[in-house]
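J.: Quick one: the structure is below, questions incoming.
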Amino acid sequence: MAEGELTLDEVSALSRQVLERVGQAVVGKGEALELVLAGILAGGHVLLEDYPGLAKTLAARSFAQALGLEFRRVQFTPDLLPSDVTGAFVYDQKESEFVFRPGPIFTGLLLADEINRTPPKTQAALLESMQEHQVTVEGQTFPLPAPFHVLATANPVEYEGTYPLPEAQLDRFMLRIGFGYPTPAEEWEVLRRRMSRRREDQTVEAVTDAAGLLAAQRTVETVTVDDTVGQYCVDLAAATRRDSQVLVGASPRGSLALLLTARAYAVIRGRDYVVPEDVKAVAVAALAHRITVRPELWLHEVTGATVVRTVLGSVPTPPTVAVA
Ligand SMILES: Nc1ncnc2c1ncn2[C@@H]1O[C@H](COP(=O)(O)OP(=O)(O)OP(=O)(O)O)[C@@H](O)[C@H]1O
Ligand SMILES: [Mg+2]
């Protein structure tokens, strides 16, 4: 094995360490945190959608620290301009020329906070750069660092003056994850830890760095998936398109996200092969945000998530096969 490469066992161990470190800051939320890490290991961007004050920012910052990535945070306000994210050409008096001043997007892990509070033009600038891993300003292209990941937060409440992301843009997020409220015991643990810490800030130690994360991502790419599991991903995505409650179902980008995330999830769970249970565990996070429910059903509490749960119940699960 070449230097700087990791075995699957090493990546599994690294994943557990990262989750343990993040868990030193964030109380509970184990399932959500595993999904965030799966999205990152699979090379994707993650949308955290939930109410304020549920540790989304804390989780994003803790992941950046544990993964040893440079961290930047941008608050997406209504007056934020595309160039405030991407950077812009500014005139350099001394050199008498325009030079590119990179924006905050040039980092390892970008926390894009409240992206549904900024107008579509600025959202589009972020999402295009996310997709292409580069920034284009005035015809010139600047590559983003590798690894580059966005954890974006959005508030589910339809506040006045929000700009909900169009489905086509939501599709660019590998996963959408809700945090949910803590249990009373977890909430008390948050308060208890805060008192014993005697300050607001908390930081966690790095277990790897940018090069280490890239190596881990390359190793996850070597996990082979049994045909029956791959076919299961296709069947699930196709079933969302056939559902009578659905206007637009998940695209092949959705089935691909399902497969890639399930693979990373399997490695986090300490396996070098993917089982149908991995696919089920990531299905809502990978598919729900890609499904548009018929508008007349919104009042009946039909959502992308309920559609995914329905197809998980109806599409036959393939048998579990361990691939050598
Ligand atoms: N599960 C948790 N574990 C540890 N701390 C928590 C947890 N939930 C909330 N907190 C604490 O609550 C406060 C709010 O957390 P944070 O700022 O990360 O929330 P947020 O989800 O980003 O909110 P907003 O949507 O308003 O930005 C912080 O002081 C954080 O430490
Ligand atoms: Mg926050």
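Quick note: the coordinates plus some simple rules give every number you see, no bench work behind them. These numbers come from a predicted model, not from an experiment. No Cβ is skipped: glycine too gets one built from the backbone with ideal geometry, and neighbour counts run over all protein chains shown.
J.: Relative contact order of the stretch 223-314: what whole-number percent is it, with Cα pairs under 8 angstrom and at least 6 residues apart?
T.: Result for the stretch 223-314 is 33 percent.
J.: Given the options A262, A152, A25, which has the most mean-square fluctuation in a GNM of the chain, springs set between C-alpha atoms less than 10 angstrom apart?
T.: A25
J.: Would you list which lysines come within 26 Å of K29, measuring only between C-alpha atoms, while excluding same-chain residues fewer than 8 positions from it?
T.: Result set, ordered by chain and number: K56, K280.
J.: Before anything else, pin down the relative contact order of the chain: Cα pairs under 8 Å, at least 6 apart, normalised by residue count, whole percent.
T.: The value is 23 percent.
J.: Can you list the GluC sites (Glu not before Pro) in the stretch 1-61 that are in a DSSP coil and have 13 or fewer other beta carbons within 10 angstrom?
T.: E3, E5
J.: Could you check which residue among T208, T310, T118 shows the biggest mean-square fluctuation in a GNM of the chain with a 10 Å Cα cutoff?
T.: Sorting by GNM fluctuation, first place goes to T310.
J.: If neighbour count is taken as other Cβ atoms inside 10 Å, put S251, S12, S196, S62 in order from fewest to most.
T.: Fewest to most other Cβ atoms nearby, the residues stand as S196, S251, S12, S62.
J.: Taking each pair of distinct Cα atoms in the stretch 222-324 once, what is the resulting Kirkwood hydrodynamic radius in Å?
T.: Averaging 1/r across every pair of different Cα atoms and inverting gives 13.7 Å.
J.: Starting with the fewest neighbours, write out L41, L80, L299 ranked by other beta-carbon atoms found within 10 Å of each beta-carbon.
T.: Final ranking by Cβ density, sparse to dense: L299, L80, L41.
J.: Please give the charge dipole size of the chain, origin at the Cα centre, charges +1 on K and R Cβ atoms and -1 on D and E Cβ atoms. Round to the nearest 20 debye.
T.: 560 debye
J.: Now a separate question. Cβ neighbours within 10 Å, averaged per peptide: list 199-205, 280-286 in order, most packed at the top.
T.: Descending packing order for the listed peptides: 280-286, 199-205.
J.: Using 0.36 nm per residue, how much length does the chain from S196 to T77 gain when fully extended, once their Cα-Cα distance is taken away?
T.: Working it through step by step, the gained length comes to 39.4 nm.
J.: Among V204, V248, P184, whose Cα sits farthest toward the positive end of the charge dipole of the chain (+1 at Cβ of Lys/Arg, -1 at Cβ of Asp/Glu, about the Cα centre)?
T.: It is P184.
J.: Based on alpha-carbon atoms only, what is the radius of gyration of the chain relative to the globular estimate 2.2 N^0.38 Å?
T.: Normalised by 2.2 N^0.38 Å, the Cα Rg of the chain equals 1.03.
J.: Report the FRET efficiency, 1/(1 + (r/R0)^6), for F98 and A124, where r is their Cβ-Cβ distance and R0 is 25 Å, rounded to 0.05.
T.: 0.60
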